[in-house]
1. Measure nothing fancy, just the Cα-based angle from helix 3-18's long axis to the longest principal axis of the chain, in degrees from 0 to 90, nearest 10.
2. Can you find, among Val316, Thr330, Ala341, the residue sitting farthest towards the positive end of the charge dipole of the stretch 279-377, where Lys and Arg contribute +1 and Asp and Glu -1 at Cβ?
3. Springs between alpha-carbon pairs under 10 angstrom, Gaussian network model over the chain: which of Ser370, Ser235, Ser392 fluctuates most?
4. Per residue, how large is the accessible surface of the stretch 370-429? Use a 1.4 angstrom probe and give square angstrom.
5. Convert each backbone phi in the stretch 183-191 into a coupling constant with the Karplus relation 6.51 cos²θ - 1.76 cosθ + 1.60 (shift: θ = phi - 60°), then list the ³J(HN,Hα) values in order as whole Hz, x for Gly and Pro.
6. Could you tell me how many degrees, from 0 to 90 and to the nearest 10, lie between the Cα long axis of helix 51-62 and the main elongation axis, the longest principal axis, of the Cα atoms of the chain?
7. Hey, what do the phi angles of the stretch 74-84 turn into as Karplus ³J(HN,Hα) couplings, whole Hz, using 6.51/-1.76/1.60 and θ = phi - 60°, x for Gly and Pro?
8. Mind pulling the angle between the C-alpha long axis of helix 244-255 and the longest principal axis of the chain? Nearest 10 degrees, somewhere in 0 to 90.
Amino acid sequence: MTSSTIAALRQLPLVVALLAAPHAAAREATVATVAGGTPYRTAMAAIDRDHDRFVAELIELTQIPAPPFKEAVRARAYAEKFRALGLSDVAIDAEGNVTGLRPGTDPRATLVVISAHLDTVFPEGTDVTVRRDGTKLMAPGVGDDTRGLATLLAYIRALDAGKVRTTRPILFVGTVGEEGRGDLRGVRHLLTKGAYKDRVGAFFSLDGADPAHVVNGGVGSKRYRVVFRGPGGHSYGAFGIVNPMAAMGAAIAEIYRLQPPASPRTTYSASVTGGGTSVNAIPSEVFVDIDMRSEDAGALATLEKQVLAIVAKAVVDENAARSTRVGQVTADPQPIGDRPAGRTPADAPIVRVTQDAVRAAGFTPTLDASSTDANTAMSLGIPAVTIGAGGSGGRAHALDEWTDVSKPESVKGMGVGLLALMTMAGTVK
């Protein structure tokens with residue numbers, strides 16, 4: 001039995017589930033009928049009425065630091081908010097994700113997940129005090145993705161205010177490890193090891209602001225720290241021996257001669273370098289971090305193979321070019337990131353529903369690819385999209401990050417995710 005056959009068999013239970021209750025629920029509730037119904041209109045009135053509370057929670061959560069791998073304090077605060085809003089089975093799982101369930105009317109139906117990530121890119125000690133200038137809030141992480149977290153809380157209140165009942169249960173999640181070297185560890189655990197493994201039939205990620213931007217393509221990535229080592233020595237006295245810096249430089253130069261495909265879009269970057277001890281010493285160790293990305297898993301695998309071959313050849317060439325009398329140059333490629341590529345087809349119900357919700361709010365939808373928590377769901381065959389939480393923002397991952405909470409634009413944008421969520425969950429009349 002081939003590995004592809006085994007993988008297909010592993011997905012069979014999920015495929016069967018997706019062909020049953022979830023699609024029936026999506027057919028019963030269309031965007032038009034949900035948008036025209038009293039529950040949605042009442043829910044949106046609550047979002048409008050409670051907008052000041054949404055802003056206050058956004059500021060509160062932003063000012064709880066959540067550095068990479070240190071999201072626990074924010075997670076505990078977020079779990080308490082889930083409990084206060086009446087979600088059931090509120091928990092912080094083994095990886096640190098915060099989960100809370102809003103039950104549906106059909107206990108056999110698969111879950112609809114809606115998530116935002118708890119972590120930011122900013123290291124411990126970063127000042128996360130929010131500054132306000134009119135409707136603009138400025139602080140590290142205020143938009144990416146704290147705005148998404150605050151929006152989930154607003155949705156829970158709105159669903160309750162509208163007395164919304166859904167066929168499918170809705171699982172609200174604050175994930176960990178979405179940024180950088182977190183490598184999607186939170187959503188990986190949620191979907192492959194956690195209590196809700198094999199129960200998810202649709203996945204929404206709130207990330208970013210633009211509500212018209214529908215991400216249905218998951219940009220996969222492979223990341224390596226390549227450590228080049230050699231004997232080292234005095235820059236004058238040992239001149240002529242092999243130098244790991246020379247091997248690293250040659251490898252980087254050769255990588256940048258690669259011409260990856262434009263479609264599917266495939267990229268690479270030599271992003272961080274370091275090593276050495278002194279200006280007058282041949283280094284014994286240097287390193288380079290390399291980021292490779294593609295919308296297609298096959299193209300990404302090809303690029304990875306090419307890059308690793310270039311590194312190996314650079315070592316051979318350096319050992320042939322200079323003296324190895326006191327030792328040779330070696331290279332150790334250490335994986336530091338592996339995000340799966342994936343795609344939800346444009347004609348999948350979750351994509352069509354989300355686009356219809358965008359249009360219903362008066363926006364023009366665009367489909368795109370990005371790297372978000374939804375990547376993992378897509379790679380597992382779970383229908384998934386990433387959508388903006390509403391409003392506008394900019395300077396993500398910078399100390400002067402900002403988000404605008406002007407009420408009309410904010411409420412209008414928040415309506416997109418709520419409408420898509422209610423439709424996919426099968427709102428019951």
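1. Result, in degrees: 20.
2. Val316
3. Per the Cα network of the chain with a 10 Å cutoff, Ser235 tops the list.
4. Details: 1760 Å² over 60 residues.
Accessible area per residue, the stretch 370-429: 29 Å².
5. In residue order, the calculated couplings are 6, 6, 4, x, 5, 4, 5, 3, 8 Hz.
6. 30
7. So the J values, rounded to whole Hz, are 5, 4, 5, 5, 5, 4, 5, 5, 4, 5, 5.
8. It is inclined by approximately 50 degrees.
The values are calculated or read from the model by the stated rules, or taken from the named source; none is laboratory data. Everything quoted here is computed from the prediction, not taken from an experiment. Note that we place each Cβ from the backbone using ideal geometry, even for glycine, and neighbour counts take in every protein chain shown. Calculation scope for accessible area: heavy atoms of the full protein, side chains included, ligands and nucleic acids excluded. Shrake-Rupley method; radii C 1.70, N 1.55, O 1.52, S 1.80 Å.
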